[in-house]
Amino acid sequence: GFLVGRFVLPLALVYYFEYSMNQGLAPALDSPPAPSYAVYQVCYQVGVLISRSSLLLFRVPLPPWAFAIMQACNAAVLALRAVRAGWFPWPARAGLDFAGVVVLAVWEGLVGGAAYGNAFAAVRDAAAGGDVE
């Protein structure tokens with residue numbers, strides 16, 4: 001139905017990719033010069049906090065599937081970083097490597113939090129308008 005196809009599946013994919021990154025890929029980064037797993041998790045949670053807290057100020061005007069696609073791209077980038085593919089665009093210098101992983105962790109949190117917040121706000125709006133199953 002409406003809720004499953006429009007909201008539940010995209011959110012499930014967002015969280016699948018997030019947990020794959022947080023539990024599978026991020027621990028593989030726990031060697032210098034990459035930030036530690038704990039730093040990665042803090043950066044991720046900061047991104048989630050910012051995006052969920054900003055829902056009262058604005059909503060991201062994207063369909064739920066866009067967040068799933070963005071999170072899949074994030075997972076692909078982190079996987080490439082985790083295996084240190086030779087053509088990966090981040091330089092091997094410690095400062096830029098650290099910054100790149102931190103930015104990716106915050107971005108992962110921003111996307112995940114926005115997906116959650118926007119989906120629940122959209123369901124609330126649909127229910128208020130009588131557009132439910």
What are the residues in segment 69-111 that are modelled with pLDDT of 95 or more, in contact with a Leu (Cβ under 8 Å, 6 or more places away or on another chain) and among the aliphatic types (A, V, I, L, M), if any?
Ala72
For segment 54-72, the count of residues that are assigned to a helix (DSSP H, G or I) and either closer than 20 Å to Val102 by Cα or basic (Lys, Arg) (or both) equals 4
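The values are calculated or read from the model by the stated rules, or taken from the named source; none is laboratory data. These figures come from a predicted structure and were not determined experimentally. With ideal geometry, Cβ positions are generated from the backbone for all residues, glycine too; neighbour counts draw on all protein chains shown.
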